[in-house]
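Remarks on the structure that follows.
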Amino acid sequence: MKVDELTEYGMPEKYVVKLKEEKISELYPPQAEVIKKGLFKKRNLILSLPTASGKTLIATIAMIHNLLEKRQSKVVYIAPLVALASEKYQYFKNFFGKDFKVAISVGDLDSSDPWLADYDIICVTTEKLDSLLRHNVAWVNKIGLIIVDEIHVLNDSSRGPTLEILLTKLRRIVPNAQILGLSATINNAGELAKWLNATLVSSNFRPIKLYEGVFFDSKIQFDEKEGYVLNNSEDQENAIVENTLDMNKQALIFTSTRKNAESLAEKLCKTVSLKLKYEERSQLKSLANDIEHVLEYPTQQCKKIAKCIRSGVAFHHAGLLSEQKKLIENNFRNGLIKIIVATPTLSMGVNLPAFRVIIRDAKRYHPGFGAIYIPVLEYKQFVGRAGRPSYDKFGESILLAKSEDEARDLIQHYIYGQLEDITSKLALEPVLRMHTLSLIASEFCNSEEEIFEFFSKTFYAFHYGDIELVKGKIYDIIEQLLEWKLIKKSGNKINATRIGKRVSELYIDPLTAHKFLEALNFRKDRQIEEFSFLQLISNTLEMKPLLSVRDSEIVNIEQIILQRSRQILQDIPEEYDFEFENFLESIKTASMLESWINEATEDQILTKFKVTPGELYNKLQIVDWLMYSLYELALLSGHKELLRPLRKLRIRLKYGIREELIPLVKLKGIGRTRARRLFNKGLDSLEKLEKISLERLSEIIGVKIANEIKNQLENKTEKLKEKQITLKKF
């Protein structure tokens, strides 16, 4: 089907022109099939298609039709990751320009974001939209199209249950809204389509042909085409990388752990460096400097990644800072970085294709089970990155084998193997607990019967045929919530208490809220210090995984417990108790946070606690949310004397500062390092900063920042004068 034919379905000519500007003149077969199967007839559709088969274009066409048909309707685009939501937001914003207002909302889970009511297309993460529903936003009723990207995430135990609950809620709130589910190829896509009353469009079509192969004994063998014989059979990774670069191509290499990703990236540096052009070396040197100095004081990891970048190689995992990851991704796309060695986190999210995808580790270690083959679905996510439209005529994926038997097993298991079914993960108790309270607090359900009726509409019930397995758990959860006074019962009617409703809005586990409320009462017999709150928030499900405790550290941590037992806001478990190991981990995690607020650098944290900057800042985001929630619960439960210390501690955790620097970090552009520099020069207050000359201030923190500070202080003084003049009138 030619894109010009879309005008026959009501698409304005200007959008056809835009598609042609993006070098789209003809629809792929599955795209044409989607249109023929009812995209413009408001039918629910599930697209089970390989990566790079044009699902985003289908979503865009659906948006145009929906928004033009009903000018007051809205489109929500649900993505599982912030990075993916951001990428789609930028694309839709550029494509639609001023025709439709495009927004992104992925942050504050305790905000209803009322400004979203003025937007036509809203890109959100699953958790954010679920949070908006908990806040009862009115514009949800205007949703005409729901696009669910990576809908196979239903299979993920951490993200899947929230998506399942969200879709079940949306089908009840806006039953006439069209649902468009976008997915990689999945085995039981038909079952998923039936659950959503949708038409299935399934295809193995790829615009770029993918050849899947295995490397063993110096040979890369493919089933459908001739392979390669490589020179260096002793070093598989370097041999494949050298072959890739000789073809003037790029590769993604997937490993099982961060440590493996880093060590392999370092190992490949010499091979890649020899293939670089002179001008590329200069550009990589500049890029490496930018990546190394994302932090004012680079960590050992920053120096390690910078060293790799200079050779045209990068590692990519959750331990990197987001700015570092963006620089790596952008410079891989433009061809400057030749090889990325990544953990599985890169397989889902931003669009980052390569000519070759190499799976070095087809097995992953699981505690108690040992090394186990990764799921076929995950393998397909990896290899879906192979082949770049408009760059390559085909793509290649290569599994590395250590023996002939393993090579045979890998071929059978992955290349010819069957995909696993997607199954619901809704039966997990923490998930049920959180969403049961949410259903009651948002008045979706006001009785046990209504709760069971709601769960009977979930994918879990559809897949297993009933909800008997979860019924008993829900009964127990309701009893727990009653005992914790988060809900109340009157006859058959169930309602959330004031605190219960707030807990639901705060988007924390009711068990976490219960622990917080218990600790606030427990404190009467305790000596309250910052460490008290740090251990309290560390000992929550939201903070997991906590820092693991090595055998050599146990004596030291037990010494901390002995010395600070009166600061801990819970009963300390005995060594033989089930929760003792988790308690030790909470103490270590709290100690790391305490080091942070006492101004330990990122490198010191990395050296002492083995926590990378990326991990640290990810944890600090969760910590900030938990501190905010603790503050809100302290306020609601009448512990007003704790509000000031909690506010101070939250600021200290955000910036990683001692208490004396709090006044200084209120200024834009002043972080922990500059604040300490100013304080050490005797500039410990805003008043002193107002009095010091610009020249002297510039000597301490630089001309640009000094000017910014002086401008901020002048604006503050002007506003104060205006306020005083206004008050005098009265």
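Taken together, the values in this text are just the output of simple stated rules run on the coordinates, not laboratory data. Predicted model, so just to flag it, every value in this text is computed and none were measured. All Cβ positions, glycine included, derive from the backbone under ideal geometry; neighbour counts span all protein chains shown.
For the peptides 503-509, 212-218, what is the packing order when you average, over each peptide's residues, the other Cβ atoms within 10 Å and list the highest mean first? Working shown, then result.
Details: 503-509: 23.1, 212-218: 20.3.
Highest-to-lowest ranking by the protection proxy: 503-509, 212-218.
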request  = Compute the Cα gyration tensor for the range 243-332, then decide on rounded, prolate or oblate, letting a ≥ b ≥ c be the square roots of its eigenvalues: rounded whenever a/c is under 1.5, prolate when a/b is larger than b/c in the other cases, and oblate in all that remain.
outcome  = oblate
task = Have a look at the range 209-415 and give its Rg and Dmax from the Cα atoms, expressed in angstrom.
result = 16.5, 51
DSSP beta bridges in the range 209-415 [antiparallel fraction, %, rounded to 5] = 30
ask   = So how far apart, in nm, are the two label points at D99 and K209 if each is 7 Å from Cα heading toward Cβ?
value = 3.5
query = So what's the Cα pair-distance distribution over the range 510-656, bin width 10 Å, in %?
reply = 11, 44, 36, 9, 0
Hits among aspartates and glutamates - C-alpha to C-alpha of K304 under 20 Å, sequence gap 8 or more where chains match = E237, E262, E266, E280, D290, E292, E296, E323, E329, E602, D603, E615
request  = Could you check the simple spin-label distance between E8 and E558, using points 7 Å along Cα→Cβ, in nm with one decimal?
outcome  = 7.9
remark   = Here, E443 and E574, labelled 7 Å along Cα→Cβ, have an inter-label distance in nm of 4.9
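Work out, step by step, the length gained on full extension between M247 and Q300: first 0.36 nm times the residue separation, then minus their alpha carbon distance; give nm to one decimal. Before the final figure, lay out the partial values.
Details: separation 53, 0.36 × 53 = 19.08 nm, distance 3.36 nm.
Going from the current span to full extension adds 15.7 nm.
Mind checking the full-extension length gain between A138 and N197? Use 0.36 nm per residue of separation minus the Cα-Cα distance, one decimal, nm.
On the way: separation 59, 0.36 × 59 = 21.24 nm, distance 2.53 nm.
Between A138 and N197, full extension yields an extra 18.7 nm.
When you have a sec, figure out the Kirkwood radius of the range 103-221 from all distinct Cα pair distances and drop it here in Å to one decimal? Before the final figure, lay out the partial values.
Details: mean 1/r = 0.0601 Å⁻¹.
Every distinct Cα pair counted, the radius reaches 16.6 Å.
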query = Quick one: R502, R647, fewest Cβ neighbours within 10 Å first, how do they rank?
reply = R647, R502
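Past 20 Å, Cα to Cα, is the threshold; run K303/K610; K285/K619; K648/K668; K219/K402; K425/K544 against it and keep the listed order.
Long pairs (Cα-Cα over 20 Å): K285/K619.
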ask   = Given a Förster radius of 45 Å and the C-beta distance between K648 and E699 as r, what FRET efficiency does 1/(1 + (r/R0)^6) yield to the nearest 0.05?
value = 0.90
For the range 3-202: rounded, prolate or oblate by the Cα gyration tensor [a/c cutoff 1.5] = oblate
inquiry  = I want to make sure I understand the PRE zone here: with the label point 7 angstrom from the Cα of D405 toward its beta carbon, which residues in the range 197-235 have backbone N atoms less than 20 Å away?
reply    = 214-218
Between the range 596-632 and the range 434-475, the Cα center-to-center distance that results, in Å = 36
task = Could you give the spread of the C-alpha atoms of the range 197-295 along their three principal axes, from largest to smallest, in whole angstroms?
result = 51, 43, 29
key: DSSP-defined antiparallel bridges as percent of all bridges, the chain, nearest 5   = 25
Shape metrics for the range 631-715, restricted to C-alpha atoms - Rg then Dmax, Å = 15.3, 50
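Between N582 and L428, take the C-beta separation as r, use R0 = 22 Å, and let me know the FRET efficiency to the nearest 0.05.
Working: r = 17 Å, r/R0 = 0.79.
E(calc), rounded to 0.05, equals 0.80.
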message = At a 10 Å Cβ-Cβ cut-off, how would you order L167, L154, fewest neighbours first?
response = L167, L154
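First measure r as the distance between the Cβ atoms of W115 and E323, then evaluate 1/(1 + (r/R0)^6) with R0 = 22 Å and state the FRET efficiency to the nearest 0.05.
On the way: r = 27 Å, r/R0 = 1.21.
After rounding to 0.05, the efficiency reads 0.25.
For W195, W596, W625, W115, which order do you get if you count the other beta carbons within 10 Å of each Cβ and list the fewest first?
Values: W195 22, W596 26, W625 18, W115 10.
With the fewest neighbours first, W195, W596, W625, W115 line up as W115, W625, W195, W596.
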